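The values are calculated or read from the model by the stated rules, or taken from the named source; none is laboratory data. Being a predicted model, the structure only gives us computed values, none of them experimental. Here Cβ is always computed from backbone atoms with ideal geometry, including for glycine, and neighbour counts include all displayed protein chains.
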Amino acid sequence: MKDVGIEPSVIHFTTLIDGLSRAGNLEACKYSHEMVDVVCYTLMITGYVVAGESSEERVVLVKEMEASGCAFKEEIGSVCMDSNKLGIGSRDAISCLPQEVLGEILSLLPTKLAASTSLLSKKWRHVFRLVHTLDFDDIDFLQPEVGKEEWPVIRESFRHFVDRTLALQRGSSINKFSLTYQVTNNSDAVYMRRWICNVVERCVLEVDLRVMPGRNWAWLDADDVHGKCLLPCHLFRSKTLVKLSLGTNTNIGKLPLDVSLPALKSLSIDSIVFAYKDLCDSIKKLKVYYDSKYRNDYMSFDAPSLVSLDYTDYALYKYPLVNFESLLEAKLNLYYSEKIKRPDLTGLIIGISNVQTLHLCGGSVDVISRCVKHGLVLPVFKNLVKLSFATGNKKGWKLLPYLLKQSPKVETLIIKGNDGDTCDVTIGLLQAKVLDVLGYKGTAKEFKHLKNLFGGICNLNTYDITFTGLCGSQFFKGNE
């Protein structure tokens, strides 16, 4: 590097400044110029722009740097320091930082940039082994520009990059592994499985996979190790995996029979299709997002240890098994589909009836209202203390009094969609002590709605009411 006129300390310091900027530590960036003799401040100035600093503040920063012996070159946006003026000689103070600190900084950078520091020296190769977060995205490689390599060449470059990066770390422990990868043939699947197995063997804690083979992958060969599963079986036998995210709009096939994820606490499924009876009974947090033209008629949940559920889907024909013995919070984002004329939410609603906190979006309220009209009887929500309710139509507001009647312990009620048609719905008895009206604009229509909605309540002065709208929040405390 010195042969081409670049001091290694320049690269070191540029990387450190970028890392500090991403960590939100711009004050550290401001004073870091006291540490080395030649510095590029381009990334630091950019950091101030991203953070929303004014041009006046950037001018002040440049003046401070100039007072410290820096020469600011406006045309190229860089700063050079005179080491003699600073009195630190040619010492590379960045490299003198503890390797653990450097590893944390590099973990905040994009993996491609962090890996490039391994080219600086043998010491920096050791530092890169301490990086505990890896994020690989083939989209960064698969958009060839005019005059560059063709798609197959760039794709091979991505494979080589991932292989080399994992090899550089030589089996060091890893916290998080993220991969976005388009799998189109058996060769792609072999590479992907190898990468995932590598991090599983290194006791990874969090895995985020966005594999994109589509729904049909007849090209995938079944083998004795992974069977007909797109993902490696080792992933589903990890003893350390705490959080698993799978997506998007993908059929990953048949999972191995011996799935065992004893440490898994959080599972996020984004439009994923797979075949397996029981995925895991130790999950504490589950997020299911399904928005695909490929419909299922039913869905079952058997997660007795689950504490938090976030479920987005079209309302299905039935939910034959819903076991949420430990569920405390549920968020339902259900939507009506013309392809499923008569959804049946009985199993789902009964399954979540022991929650303490329930969030219902407008679509969920609409679907539940339809089901009630066709005979659904709401269970008693005996533990519910906080209800968030959003709607904007007559059917939705008619459901609210019924739902509150079935929730005798509700203490906090949050309503949204106050400007919708209330159909003269009145709540005769409100046991809640806290009322939060979201999206309040103060219009005459909203005021009339609230007057009608709570007209049957004798004394609103006993309630703590918050109106949250475009102009902030207004709080009214009862008995004041």
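Worth pointing out:
- Scanning the range 321-342 for residues being touching a helix residue (DSSP H, G or I) at 6+ places or on another chain (Cβ under 6 Å) and not in a strand (DSSP E or B) gives a total of 2.
- Residue match in the range 191-214 (condition: part of a helix (DSSP H, G or I) and either touching a Cys at 6+ places or on another chain (Cβ under 8 Å) or at pLDDT below 85 (or both)): no
- Residue check for Leu345: among the hydrophobic types (A, V, I, L, M, F, W, C) and touching a helix residue (DSSP H, G or I) at 6+ places or on another chain (Cβ under 9 Å): yes
- Entry remark, the range 98-117: residues being aliphatic (A, V, I, L, M) and without any contact (Cβ under 8 Å) to a residue 12 or more places away in the chain number 1 in total.
- Only one of Leu399, Leu378 that is closer than 28 Å to Ser326 by Cα, modelled with pLDDT of 90 or more and in a helix (DSSP H, G or I): Leu399
- Count of the range 172-190 residues, restricted to those that are surrounded by fewer than 19 Cβ atoms within 10 Å (Cβ to Cβ), under 22 Å from the mean Cα position of the chain (by Cα) and not in a strand (DSSP E or B), is 2.
- Lone qualifier among Ser353, Ser388, Ser369, Ser364 - being assigned by TED's automatic domain parsing to the domain that holds Leu435, part of a strand (DSSP E or B), closer than 20 Å to Tyr311 by Cα and of a type in the set (Gly, Ala, Ser): Ser388
- Condition check for Gly455: modelled with pLDDT of 60 or more, out of contact with any Ser or Thr (no Cβ under 8 Å at 6 or more places or on another chain) and assigned to a loop (DSSP other than H, G, I, E, B): no
- Scanning the range 228-254 for residues that are charged (D, E, K, R) and part of a strand (DSSP E or B) returns Lys243, Lys254.
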